[in-house]
Amino acid sequence: MRYVHTVGIHIDEVRRIATLARLRLEAAEEERLCAELGAILEAFERLQRLDTAGVAPTAHVEEFGAPLRADEVTNLPADEALLAGAPARDGRRFRVPKIIE
Amino acid sequence: MSVPPYQWSLREAAARIRRREISAVELTRTALARIQAVEPAIGAFLTCCEADALAAAESIDRRMAAGEDPGSLGGVPVAVKDNICTAGVRTTAASRMLESFVPAFDATVTAKLRHAGAVIVGKTNCDEFAMGSSTENSALGQTRNPWDSSRVPGGSSGGSGAAVAAREVYAALGTDTGGSIRLPAAFCGVVGLKPTYGRVSRFGVIAYASSLDQVGPLTRDVTDAAMVLEAIAGHDPADSTASPRPVPAYQDGLDAGVRGMRLGLPREYFVQGMHPEVDRAVRAAVGELERLGASIEEVSLPHTDYAIATYYLIATAEASSNLARYDGVRYGLRVPSANLGEMYERSRAAGFGTEVKRRIMLGTYALSAGYYDAYYLKAQQVRTLIRRDFAQAFERCDALLTPVAPTPAFRLGERIDDPLTMYLSDILTISVNLAGLPALAVPCGMDSDGLPIGLQVIGRPFDEATLLRIGYAHELASDWHRRSPLP
Amino acid sequence: MTQAAAGAPWTLEGYEAVIGLEVHAELLTRAKVFCGCSAAFGGEPNTNVCPVCLGMPGVLPVLNRRVVEFAIRAGLATNCTIAPRSRFARKNYFYPDLPKGYQISMYEAPLCTGGWLEIVVDGVPRRVGLTRIHIEEDTGKNIHDLVAGGSLVDFNRSGVPLLEIVGEPDIRSPAEAGAYLRALRSVLQYLEICDGNMEEGSFRCDANVSVRPVGSSILGTKVEIKNMNSFRHVERALAWELRRQVRTLQAGERLVQETRLWDAEREETRAMRSKEHAHDYRYFPEPDLLPLEVSQAWIEEVRASLPELPGARRRRFEGEYGLSAYDADVLTQRKDVADFFEAGVAAGAQAKEMANWVTTEILRIVREQRLDTQLVIRDWPITPAQVAALARLVDGGQITRNTAKQLLPRLIGTDDDPARIVEREGLGQVSDRGALQQAVHEVIRQAPEQVAQFRAGKERVLGFLVGQVMKATGGKANPQLVQELLRAALSPERKG
């Protein structure tokens, strides 16, 4: 079991987060991030001391509701341009390597 | 012409084109030559699109010859930050992930610039995915401050700031999520405007933090900023967060002065640890405005101390989600792998730099099960408190005046190793993004090392006009904006 | 084992079932939910795509108004409360068919909540609660590359609008589940917002299944079942899974909370091997979409445009036309079929007759000609007026039912009036005793074996003899009269 000396974050957490974020980290990177994230989270601890009871969260700074658009097909069928940057293709389909269950 | 064209303001360049004193092609060639001359020392550009630019310039000249209006920015060479999509022109967000990415579409702001007749000569360097305060996080190039090549130009729109300061272009678009237009403007001694959230379309702007990002101009003076803002602002059916409010004629009333205006100085923004020359320059600017007839009072924004944490939890959370699309499937970097899981992990590890990974990790953590309430939700609540602080201040004041940064431009490499220290560069700018307010950075002095110092003017939502008026009045009474780092 | 009566809850050796169904319905809008690409099925791969539904850098979603309208329709038709303000949320996970690495959905603040659906099982009506209905976008399609391994991805379906309809765990048997799905599909078809085709994937069902001791209020371990591609498969999968859960508990083992896939070939559920169910979706409010505001005025406008819904129509058919619950249910499952029935009654057919014709012959034609693959059948191969005319000819004794059944196929694809054909070809029912007597005697002469059997006491053989007389008379003989004459001719020599 590894612990970093801060309020922070266990190395197992770092690995879990890296998996969730699909980032492959070297062991040295894991350790560095563990220390850095720990320090950052400790610095952010002050937020916890603030009383926010009854305060509505701000998800959007704007006051109006979602604009709606008409149900019309405004896009022509796509040509090659949008597929041009594909790393791998089979005809018009994108190809990806096999998924291991 | 005694003054070389690249020293003109945008307004002057546009006027001369309109008067046929110089052709768009000639002006573009001048800009391209200037770019070629100074780029080795500055490194503001990641991509220069010479052929496209000359073609666009030719088209402007042809239209004028046919008696058509060239547009408000007709024939004027401009640059676009490389996190803004330009059709047919490489758009990288300064990342290896998109090093070869060529969008098939223009961002709305790009299209608006073209519609206004501007000639896009290139894409400017920035921090990778706009994450950073110095442009040192770019994976594809280094940009140096034109005033001192051992120093950073600021970030994340450092390339845009440097390009305007070095007179390579007459204006450059930047993006501002936590200060990324204003900080480079201050460090490079130019004008930078972050509009109200929703004033300018984000469609085609590579997203960092969706609820904070805004596009804005970096220019040599306030009038130029007003011209560019007019051209790019406005409703966009492709952006659900773009405001339907009509766009005022920002150039009108610029010279109305500041007499009778109430300007506030938030005490929390004049922090100890601030560089004494920054403090002096900003207070001198404040004094100038007072002399011009504004009244000054102290106000308080009590939750300022919580802004860094609030910002970095919200911004990184949104970023961690926005950057999930970079998975090597449809475009961008892919590391060939035996299976899908490895492809994702290897491609993203190779494509993203250190700071981007750090922010993705932090943001993912803040949203993850068990931590959402304590981090993300909490930050959203504190964001409400920060907005309230400003709303209360604006009951008494028409605008707030603050420094842009606690120090002038720091040295390359000085802060890059400690993320927390780097994050603290943003302390004076990030609350503005959290509250969605407009803010203008104008040059207001220089320190004894000859480094520019910026004044920040923060306004009410959609009141860019007041900010521009204040900036213009300050400009009339000073000449900081006329100083140029390079001959 | 399980009880025989379909209406009763499922039980097995002291355990009862708790089933909640989650349906994803593809909406029949012209365009996708967040971009202006066509939502129409088909097309070359990656043609109905644009930067938005491909998840390119810098793109943003803009909500299609008709998707909201359809969602409001669905909510009102299922007695939900429509929220004046609802919010979109991002569901974050990585998969090749998910272009942005997140799906735009709704989480804490859905559009519709707290409704119910009335289902009829074995003539008994019940209410199944609806927890919520919300709007979300569909993913692209990942298909396994048979040639080279790996997968091929097509984003034509990425961004197609879906309604997620979550039912309360009120369902107590596989049959109830089937009834719920049919009832829900009916509602969506009446509203013309979804064509309800499970086989084609426009109507998908996942189930949450648990068991508990009968009478207990404590929920057992919940297992999610996916990959059921028809109503029949849903019922079979549920039946199998329920049995598995009971057997597991009886063996003293613990059930794992997991996702299992229905294997239609092997007829069993299997645990998914990947750890996909360990997803942390990190839901948070979608910053690129402002809250969805639905005014009371809009809700009322939609409410006023709703058609008569299946449940109400079924009850009206029972009351107004005196039909059985079963017949009324069959007739009202599809709105166009119910319309056909009522048009026939309006054209003069007696209700029960018309119901008979529709539930047997017309529905058979619908299935055979695969008319039911359309959302609304507009071009019927035979008209209600034609069927009504046939029904009236039978009712009035002019032709036998047998003749009518022969005539029906001849009317398909034509606009012939059956009465004219009867007249022209002399197909009228033969009720002349003399003529029939001759046919009866001829049949008796030619079927000595059956005659002997009948006289020995085998009543059922009479049906065969009647059939032979009908055949001999080209189906025109009055069947009651034929029976009467046969009995008379055969009885004097009956023993016993």
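How would the protein assembly as shown be classified by its alpha-carbon gyration tensor: rounded, prolate or oblate, with rounded meaning a/c under 1.5 and the a/b versus b/c comparison settling the rest? Prolate is the answer for the protein assembly as shown, as a/c is 1.5 or above and a/b outweighs b/c.
Determine the shape class of region B:393-487: with a ≥ b ≥ c the square roots of the Cα gyration tensor eigenvalues, call it rounded for a/c under 1.5, and otherwise prolate if a/b is greater than b/c, oblate otherwise. In terms of gyration-tensor shape, oblate.
Determine the shielding of peptide B:104-112 by partner chains: average, over its residues, the number of Cβ atoms on other chains within 10 angstrom of each Cβ. Provide the component values of the computation, followed by the final result.
Numbers: counts 12, 8, 1, 3, 2, 0, 0, 0, 0.
Per residue, the number of nearby Cβ atoms from other chains is 3 on average.
Principal axis extents of the C-alpha atoms in region C:11-302 (largest first, rounded to whole Å): 57, 54, 32. Tell me whether region B:1-150 comes out rounded, prolate or oblate; compute the Cα gyration tensor, take square roots of the eigenvalues as a ≥ b ≥ c, and use a/c under 1.5 as the rounded threshold. Judged from the Cα gyration tensor, region B:1-150 comes out oblate (a/c at least 1.5, b/c at or above a/b). I need to check one value: relative contact order of chain A, counting alpha carbon pairs closer than 8 Å and at least 6 residues apart, in percent. Rounded, it is 20 percent for chain A.
Residues A:I40, C:I104, ranked from the fewest to the most other C-beta atoms within 10 Å, line up as C:I104, A:I40. Across all Cα pairs in chain B, the calculated P(r) in 10 Å bins from zero up to the longest distance comes to 4, 22, 33, 26, 11, 3, 0, 0 percent per bin. Cα centroid separation, region C:57-97 to region B:317-344: 26 Å. Residue by residue along C:62-70, Cβ atoms of other protein chains within 10 Å of the local Cβ number 4 on average. About its Cα centre, chain A has a charge dipole of approximately 440 debye under the convention of +1 per Lys or Arg Cβ and -1 per Asp or Glu Cβ, with nothing else charged.
Dividing the helix sum by the residues of chain B, where each DSSP H run of 4 or more adds -39500 (n - 2.57), gives a mean residue ellipticity at 222 nm of -11500 deg cm²/dmol. Fewest-first ordering of B:M64, C:M272, B:M227, C:M354 by other beta carbons within 10 Å of each residue's beta carbon gives C:M272, B:M64, B:M227, C:M354. State the Cα centre-to-centre distance between region B:278-294 and region C:390-435 in whole Å. Measuring centre to centre over Cα atoms gives 104 Å. Taking the longest Cα principal axis of chain C as reference, the axis of helix C:335-346 is set at about 30 degrees. Taking the DSSP bridge list for chain B and keeping only pairs wholly inside it, about 70 percent are antiparallel. A simple charge model with +1 on the Cβ of Lys and Arg, -1 on the Cβ of Asp and Glu and nothing else charged puts the dipole of region C:300-354 at about 120 debye relative to its Cα centre. Global size of chain C: 28.7, 95 Å for Rg and Dmax (C-alpha atoms, Rg to one decimal, Dmax whole). Find which of C:Q453, C:T414, C:V430 sits farthest along the positive direction of the dipole of region C:403-496, computed with +1 on the beta-carbon of Lys and Arg, -1 on that of Asp and Glu, about the Cα centre. Comparing the listed Cα positions along the dipole, C:Q453 ranks first. Considering only A:I40, A:A86, A:A66, the residue lying farthest towards the positive end of the dipole of chain A is A:A86, judged by Cα position with unit charges set on Cβ.
Note on C:E449/C:K222: beta-carbon distance plugged into 1/(1 + (r/R0)^6) with R0 of 51 Å gives a FRET efficiency of 0.20. Under a model in which nothing but the beta-carbon of Lys, Arg (+1) and Asp, Glu (-1) is charged, the protein assembly as shown shows a dipole of about 1940 debye around its Cα centre. Based on alpha-carbon centroids, what's the gap between region C:335-389 and region B:180-197 in Å, whole number please? Value for the Cα centre distance between the two parts: 72 Å.
Residues of A:46-54, mean number of Cβ from any other protein chain within 10 Å of their own Cβ, rounded to a whole number?
5
Dipole orientation for the protein assembly as shown: of the candidates A:N75, B:W480, B:A53, A:N75 has the Cα lying most toward the positive pole (charges on Cβ; Lys, Arg +1; Asp, Glu -1). The fraction of all Cα pairs in region C:375-496 landing in successive 5 Å bins from 0 to the largest distance is 2, 11, 20, 17, 14, 11, 9, 7, 5, 3, 1, 0, 0, given as whole percents. When you work out D = kT/(6 pi eta Rh) for chain A at 10 °C and 1.306 mPa s, using the Kirkwood radius from C-alpha pairs as Rh and the Stokes-Einstein form, the result is 81 µm²/s. Structural descriptor for chain B: relative contact order 17 percent, calculated from alpha carbon pairs under 8 angstrom and at least 6 residues apart.
Residue exposure proxy: C:S324, B:S425, ordered by other Cβ atoms within 10 angstrom of their Cβ from fewest to most, comes out as C:S324, B:S425. Among the lysines of chain C, pairs that are 8 or more positions apart or on different chains and have alpha carbons within less than 22 Å of each other number 20. For helix C:310-321, report the angle its Cα long axis makes with the longest principal axis of the Cα atoms of chain C; keep it between 0 and 90° and round to the nearest 10°. That helix lies at roughly 20 degrees to the long axis.
Packing, as the average of other Cβ atoms within 10 Å across residues, places the peptides B:248-258, B:315-325 in the order B:315-325, B:248-258, highest first. Just so you know, the Rg over Rh for region B:305-379 is 1.07, from Cα atoms, with Rh as the Kirkwood radius.
No value in this document is a laboratory result; all are computed from the given coordinates. Just so it is clear, the model here is predicted, and its values are computed rather than measured. Glycine also receives a Cβ, built like all others from the backbone with ideal geometry; neighbour counts cover every protein chain displayed.
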